[in-house]
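Can you read through this structure? Questions will come right after.
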Amino acid sequence: MKKSFLSLAIASTISMGAFAGVEDLLITEMTQSSDTTLGAVEITNTGSTAFTFTDDTLVRSESGKYANKMEKGDGTLLLTDITLDAGKSLVIINEDASAAFKKTITDNGGMVVVGEGGAKYSNFYINGNDRFYIENEEKIIDRVGTAKAYDYWAPNTTLRRKQAADGNNPAQSDTFDATKWQNILPMKTDDLGKSELPAADAEDIMDIFTCPTDKSEIKSPSEVQGTGFTSPLIADGETESAEKVAVEGIISAKETIPNEGFYLHNLVSDNNPETSDGIFVSTSAAGDLKVGQTVCIGSKVAEVGGQTQLSADTKFGWNVTDTTVPTAPIDIQVISSDNGSFDKTLERYEGMLVNLPTDLDPQTDGEQDMRITRSFSYNYLPSSKGHNRNNMVAAYKRPNLQPNHLHVAGSPESKAAYEQNNDYRLVIESATKSDGIVLPYYAGFNSDPHTNYIRIDDSLVNAQGMISQYETELIPGTDKYDQDYSLTITNQLTSDNFIHNLPRTDKPDLKDTVAEDDFAIRVASQNLFNFFNSPFGGDNNNFGQSRGADSYDEYINQRTKLVEVIRAQDADVMALMEIENNGFGDNSAIAEIVNQVNIQYVSEYARDYNGPNSTENRYVFVGFDNNGNQMLDNLDAIGSDAIATGIIYRPSKMSIERTRVIPMPQQKAPTTVNDLGEVIKDQNNEILENGQNYHRDALVVTFIVNQTGKRLTLAVNHLKSKGSTCWEEWQGVEFGEATTWSNRAAPDLDYQGSCAEFRVAGAVHLGEEMEDVLGDKIILGDLNAYGKEDPVLVLTENPRNKTIVTASHTFLGPKPQFNEDGSAATITKTYGYIDIVGDIYKEKGKTPWSYSYSDELGSLDHILISPSLKDRVIDATDWHVNAAETGLYDYQNNRKGSLDGTGAHKFYKGDAYRSSDHDAALISLSYKPGDTDANVPMNLPKLRKLIKVPYQIPTGISAQVGDVATVRMSPDDDEQRLDLTQMVLPNVVLSNDTTALVNFEVFGAPSAIYNVTVSLQRDGKLVEGSEQTFLAKVSNRDTLIADIVEEEIDHTGGDGGAGSAGFISLLSLFGLAAMRRRLRK
């Protein structure tokens, strides 16, 4: 027992010693500001001995029911191990507080403690609704602010602890008594760090505004706004007026977005269209104000983020008259004095309640309305500005086009387009911040987003709201921000407010009508949005990456959408991008896609061959035995990226002659360093630029169109993206001794994004390699370059003779691509391909686009044809099934709300819409049966031992009813000794005299090369001039099961320099034997 008592005594002594002086700690001052960098809490040691904080004594911030520990960056308690001398104060401040603010505190004798925070909500962030208390051994010993409240109780206010009535230091208190604190408004920070307290009878210091009785001293909002972009009350070169002014108006709205405050409208309009009748008042103290009240405010006039505005720290900054005067919305109207500037138009309405009419410019023919140019999505603005949120963007008259889409990059026209985009932009905001899945102003979208969809190029009409202006995106390569006008919507919208100028369609609008007897081949290009199957039972890729679905449910939903978008295009051959590079085995991603697409095509009836479910629609994919081991598996990756390109096609329409891979250039440049030779990191602590950059390799396949001898070569590409930098971006940047640098700060003077020069190097190599290929050619895929950017100019034409330069340090394997010293090359040669989608759209008076980035549209996905194909083109188009849609409709579940029983969010539907972030590009080509290239046999694939031999009756021969068309076939190589006993060569009797094409249905011809002779007989005699002789290749169709065929002869010309010649492989439909059944009726 004695031992126990002794232990207790020792423990008590230790405890008392450890916390000696804790009763002397007081919270003595607090400042709260809308500028969080000026918020502060002061703690003073009023005792006679120093006090060292331990984990048992801490400070907490409190807002409502939440009380958060203040921590250091490493997660330990903020004040632990800090010793506060007797009679001294420490001041906790925000991590972004200025050096001048810190100096004020230290000059006053105080200690600065920066509350950077470790875990979430543990940083020091104080803006008017915060309370604080000191806690010792889990007991509150002193506090400032009423417990568990959430209101903005001290905006832009300083509270200083008063002495006790006897002149001594006050006692600690776990409750807040406002009478024991001196209230200073607006706030002052000049005493922070001083331990002296104001006297018990110190009066509050309140700057209370009184509206002048002389009405001539009161200004209206329009007088403050003036006729220019800045207020006439602000001197040139300044951002605020020298003196406060009294301004009176009616409250037209109270908003928190884009900034918190309220709007004043003229009591009586000045009837001057050159001036705005409204103005914004920035304040966090407008809680009691009501729309319709009359307010007289005293404030300096300021220009903030481009907006003319007033401000008030507290409700003492204005006088209120309790009126109920409504403000009617005013139609925005363009006038001649705007001189073509829509910014000028919006400036005339800044701070006003407006309406977007169906025609903003009645003086111009047609309806000049507002068009959606970025659908509802997150804006990715810097969080430091406080404007990062979900919203939309509209543009005057048309969606914004990327400046280089129609104009040569770097040209005056491109720069003018960039400025016009900035001028035409109007950000569409909600009055309350959206959680990303709810549009506060559109209930129909929230309840039924599939019916009430919003797309890019929709007209937004009769939306009402407040016009504001604020800083938005960082201008690349600068420290400045764009300033954009916004409309904060105040009325509830319905589907009537969104006019679909590009409504959804269930298939592409692509014409493929051909002349009688001709047939069409449809070619498409589709980005698959990082389709990866390796995490869900597919083969692993060799790169250890998965960029696609995060769960099995997402994977199934992604696959479903991709299958729908592929089927809907009904292409005969399709180029694919962003598919997992996990080879060509049974469990590869490309095999999985083909298998799923083919499931629908099950009818083997001859009468259904042209039907939607016919087996004739089945696809196979092109595989490449990359490692030459005579096996197609996950080891046959193409290139060095986790994603690859691919091709699928219909053997009923085309047959492979040759396939190859073109290895694309690599950049092997030095790592970017500062002036001291130190490697520079970006804001994510990654190396800013390591100089190692890559393209995806190009997949090149030469087809023979069935029933013809016409070659058609497709080169599928996915060039380096614009998103991450290459070595060139950082040349000329003055890093000094900096060791960190934002990767968003790379200069982009011609708006081509990053790696334009490296993409030029890729385009040059592709153009050179394709010159070895004979016949008609198409370069297609995601070139990551808009229509008039340098890589596309190289592949098409450069009519202005623009100076185009490649990247430096580019290599083809171990060899420099251009110069031995690795230097860049100037490119003068172009390759003459035709941007066929652009040409066709130009003929139709339209503009193509396939991709939306931020609020600008353009085509990254191209179909570039050789001039030899021009006359075969029927039509070409983009299918706006993806880029026009909000990302809410894609397969991903993240930030989409709750999931249903199938693991899908409410915006998901198993259709084609938003199956990818890129639109499809398509082209249709016309062919005549029997057309051939020189020295190319006509390709006649067998279907159940039957071939169709086409005979185009020569021009000038007049066929007659009763004429007999004949066909003769003999093997070109007699030594093959083929069994021709089953071959049936029919004669065809013409039933009308307009017949131009005869198809002989020949049965039983063995696979071989044949000499074919066709002619017309009339009355048993040869019709003069009707006989034709040609070579034909009879073979089985490209198979639906794995087959590796070693190529013996390069039939496409050249010396094999056009990439890596090797093996061709025709794969798909693994495990679908059970699906080879007749369609049940």
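List pairs: first in the range 214-225 and within 12 Å of LEU310 (Cβ to Cβ), second of a type outside the set (S, T, N, Q) and assigned to a helix (DSSP H, G or I), Cβ under 9 Å, 6+ apart or cross-chain?
Partner pairs satisfying both residue conditions: GLN225/GLU347.
Still on this model: Take the conditions touching a Lys or Arg at 6+ places or on another chain (Cβ under 7 Å), under 25 Å from VAL427 (Cβ atoms) and in contact (Cβ under 8 Å) with a residue 40 or more places away in the chain and apply them to GLY887. Does it pass? Walk me through it before giving the result.
On the way: touching a Lys or Arg at 6+ places or on another chain (Cβ under 7 Å): yes; under 25 Å from VAL427 (Cβ atoms): yes; in contact (Cβ under 8 Å) with a residue 40 or more places away in the chain: yes.
Yes; evaluated as a whole, the condition is true for this residue.
Suppose we filter ILE330, ILE335, ILE297 for residues that are touching a residue at least 12 places away in the same chain (Cβ under 8 Å), touching a Pro at 6+ places or on another chain (Cβ under 7 Å) and of a type in the set (Val, Ile, Thr); which single one remains? Outline the logic, then answer.
Values: ILE330 fails: touching a Pro at 6+ places or on another chain (Cβ under 7 Å); ILE297 fails: touching a Pro at 6+ places or on another chain (Cβ under 7 Å).
Answer to the check: ILE335.
Next question. Please note which strands (runs of 3 or more DSSP E) are completely contained in the range 457-574 and include at least 3 residues that are modelled with pLDDT of 95 or more and more than 30 Å from SER655 (Cβ to Cβ). Talk me through it step by step, then tell me what you get.
Values: elements: 464-474, 481-489, 519-531.
Those strands (runs of 3 or more DSSP E) span 464-474, 481-489.
Which residues, counting only those in the range 408-442, are in a loop (DSSP other than H, G, I, E, B), more than 21 Å from TYR349 (Cβ to Cβ) and not hydrophobic (A, V, I, L, M, F, W, C)? Steps first, please.
Kept after step one, since they are in a loop (DSSP other than H, G, I, E, B), are these residues of the range 408-442: 408-411, 431-442.
Remaining after also requiring more than 21 Å from TYR349 (Cβ to Cβ): 408-411, 432-440, 442.
Once the filter is applied, which keeps residues that are in a loop (DSSP other than H, G, I, E, B), more than 21 Å from TYR349 (Cβ to Cβ) and not hydrophobic (A, V, I, L, M, F, W, C), the range 408-442 yields GLY410, SER411, THR432, LYS433, SER434, ASP435, GLY436, PRO440, TYR442.
Do we find a residue being among the small types (Gly, Ala, Ser), in contact with an Asp or Glu (Cβ under 8 Å, 6 or more places away or on another chain) and either in the same structural domain as TYR913 (by TED's automatic domain parsing) or more than 30 Å from ASP482 (Cα to Cα) (or both) anywhere in the range 834-841?
Quick first cut of the range 834-841, residues among the small types (Gly, Ala, Ser) only: 838.
Filter once more, keeping what is in contact with an Asp or Glu (Cβ under 8 Å, 6 or more places away or on another chain): none.
No, every residue in the range 834-841 fails to be among the small types (Gly, Ala, Ser), in contact with an Asp or Glu (Cβ under 8 Å, 6 or more places away or on another chain) and either in the same structural domain as TYR913 (by TED's automatic domain parsing) or more than 30 Å from ASP482 (Cα to Cα) (or both).
Ok, one more. Output the residue which, of all residues in the range 297-344 that are assigned to a loop (DSSP other than H, G, I, E, B), farther than 27 Å from PRO155 by Cα and of a type in the set (Gly, Ala, Ser), is farthest from the chain's Cα centre (by Cα).
Filtering first and then ranking leaves ALA328.
How do the strands (runs of 3 or more DSSP E) wholly within the range 925-981 filter down when requiring 2 or more residues that are in contact with a Lys or Arg (Cβ under 6 Å, 6 or more places away or on another chain): which remain? It would help to see each step written out before you state the result.
On the way: elements: 938-942, 946-952, 964-971.
Hits in the range 925-981: 938-942.
What residue, of ASN400, ASN390, is in contact with a Gly (Cβ under 9 Å, 6 or more places away or on another chain), among the polar types (S, T, N, Q) and not assigned by TED's automatic domain parsing to the domain that holds PRO258?
So the residue among ASN400, ASN390 that is in contact with a Gly (Cβ under 9 Å, 6 or more places away or on another chain), among the polar types (S, T, N, Q) and not assigned by TED's automatic domain parsing to the domain that holds PRO258 is ASN390.
For the range 47-102, which positions are acidic (Asp, Glu) and without any contact (Cβ under 8 Å) to a residue 40 or more places away in the chain? Please lay out each step first, then the result.
Step one: of the range 47-102, the residues acidic (Asp, Glu) are 55-56, 62, 71, 74, 81, 85, 95-96.
Correct list: ASP55, ASP81, GLU95.
Residues that are of a type in the set (S, T, N, Q): list the strands (runs of 3 or more DSSP E) wholly contained in the range 618-688 that include at least 2 such residues. Give the derivation first.
Numbers: elements: 620-623, 643-649, 654-662, 666-668.
Counting at least 2 such residues, we get 654-662, 666-668.
Can you tell me which residues in the range 83-99 are farther than 23 Å from ALA154 by Cβ and either modelled with pLDDT under 90 or not in a loop (DSSP other than H, G, I, E, B) (or both)?
Let us first name the residues in the range 83-99 that are farther than 23 Å from ALA154 by Cβ, namely 83-88, 99.
Result: THR83, LEU84, ALA99.
Which of the numbered conditions does MET654 fail, given that it passes all the others? Conditions: (1) closer than 17 Å to ASN706 by Cβ; (2) at pLDDT below 95; (3) of a type outside the set (Val, Ile, Thr).
(2)
Still on this structure, I have one more. What number of residues in the range 451-493 are within 23 Å of HIS880 (Cβ to Cβ), hydroxyl-bearing (Ser, Thr, Tyr) and more than 21 Å from the chain's Cα centre (by Cα)?
Summing the residues that are within 23 Å of HIS880 (Cβ to Cβ), hydroxyl-bearing (Ser, Thr, Tyr) and more than 21 Å from the chain's Cα centre (by Cα) in the range 451-493 gives 2.
If you don't mind, there's one more thing I want to ask. Going by what's in this entry, would ASP871 be described as farther than 17 Å from ASP917 by Cβ, assigned to a strand (DSSP E or B) and not hydrophobic (A, V, I, L, M, F, W, C)?
On the way: farther than 17 Å from ASP917 by Cβ: yes; assigned to a strand (DSSP E or B): no; not hydrophobic (A, V, I, L, M, F, W, C): yes.
Against the criterion (farther than 17 Å from ASP917 by Cβ, assigned to a strand (DSSP E or B) and not hydrophobic (A, V, I, L, M, F, W, C)), ASP871 does not qualify.
Please go through the range 234-243 and pick out each residue that is hydrophobic (A, V, I, L, M, F, W, C) and closer than 21 Å to ASP343 by Cβ.
Taking the range 234-243 as the starting set, the residues that turn out to be hydrophobic (A, V, I, L, M, F, W, C) are 234-235, 242.
The one that is hydrophobic (A, V, I, L, M, F, W, C) and closer than 21 Å to ASP343 by Cβ: ILE234.
Among the residues in the range 820-827, are any of a type in the set (Val, Ile, Thr), in the same structural domain as TYR908 (by TED's automatic domain parsing), touching a Pro at 6+ places or on another chain (Cβ under 7 Å) and not in a loop (DSSP other than H, G, I, E, B)? I'd like the intermediate steps shown before the answer.
Just the residues of the range 820-827 that are of a type in the set (Val, Ile, Thr), to begin with: 826-827.
After this cut, where a residue has to be in the same structural domain as TYR908 (by TED's automatic domain parsing) as well, the list is 826-827.
Those left that are additionally touching a Pro at 6+ places or on another chain (Cβ under 7 Å): none.
No, every residue in the range 820-827 fails to be of a type in the set (Val, Ile, Thr), in the same structural domain as TYR908 (by TED's automatic domain parsing), touching a Pro at 6+ places or on another chain (Cβ under 7 Å) and not in a loop (DSSP other than H, G, I, E, B).
Output the number of residues of the range 396-407 satisfying the condition of being part of a loop (DSSP other than H, G, I, E, B) and buried (at least 23 other Cβ atoms within 10 Å of the Cβ). I'd like the intermediate steps shown before the answer.
Taking the range 396-407 first, the residues part of a loop (DSSP other than H, G, I, E, B) are 397-399, 402, 407.
Applying the additional criterion that residues be buried (at least 23 other Cβ atoms within 10 Å of the Cβ) yields 399, 402.
Of the residues in the range 396-407, 2 are part of a loop (DSSP other than H, G, I, E, B) and buried (at least 23 other Cβ atoms within 10 Å of the Cβ).
With the checklist (1) out of contact with any Leu (no Cβ under 7 Å at 6 or more places or on another chain); (2) in a loop (DSSP other than H, G, I, E, B); (3) not basic (Lys, Arg) in hand, flag the one item ASN893 doesn't pass.
Tallying (1) out of contact with any Leu (no Cβ under 7 Å at 6 or more places or on another chain); (2) in a loop (DSSP other than H, G, I, E, B); (3) not basic (Lys, Arg), ASN893 fails exactly one: (1).
Among the residues of the range 388-437, which ones are basic (Lys, Arg), in contact with a helix residue (DSSP H, G or I) (Cβ under 9 Å, 6 or more places away or on another chain) and closer than 26 Å to LEU493 by Cα? Can you show your working first?
To start, the set of residues in the range 388-437 that are basic (Lys, Arg) comprises 389, 397-398, 415, 425, 433.
Of the ones still in play, those that are also in contact with a helix residue (DSSP H, G or I) (Cβ under 9 Å, 6 or more places away or on another chain) are 397-398, 415, 425.
LYS397, ARG398, ARG425, listed by residue number.
Which of (1) in contact (Cβ under 8 Å) with a residue 12 or more places away in the chain; (2) assigned by TED's automatic domain parsing to the domain that holds ARG559; (3) of a type outside the set (Val, Ile, Thr) is the odd one out, the single condition GLU678 does not satisfy?
Every condition holds for GLU678 apart from (2).
Next question. Which pairs have Cβ atoms under 9 Å, sit 6 or more apart or on different chains, and link a residue in the range 764-781 that is modelled with pLDDT under 95 to one that is of a type outside the set (Phe, Trp, Tyr)?
ASP772/THR1052; ASP772/GLY1053; ASP772/GLY1054; ASP772/ASP1055; ASP772/GLY1056; ASP772/GLY1057; ASP772/ALA1058; ASP772/GLY1059
Mind counting the residues in the range 298-326 that are crowded, with 17+ Cβ neighbours inside 10 Å and either in the same structural domain as ASP423 (by TED's automatic domain parsing) or more than 24 Å from LEU346 (Cβ to Cβ) (or both)?
Going through the range 298-326 one residue at a time, the tally reaches 8.
From the list ALA67, ALA119, ALA50, ALA147, pick out the single residue that is more than 47 Å from the chain's Cα centre (by Cα), over 27 Å from ALA312 (Cβ atoms) and of a type in the set (A, V, I, L, M). Write out each step before concluding.
On the way: ALA67 fails: more than 47 Å from the chain's Cα centre (by Cα); ALA119 fails: more than 47 Å from the chain's Cα centre (by Cα); ALA147 fails: more than 47 Å from the chain's Cα centre (by Cα).
Unique residue meeting the criteria: ALA50.
The values are calculated or read from the model by the stated rules, or taken from the named source; none is laboratory data. It should be emphasised that the depicted structure is a prediction, and the values quoted were computed from it without experimental measurement. Note that each Cβ is placed from the backbone with ideal geometry, even for glycine, and that neighbours are counted across all protein chains shown.
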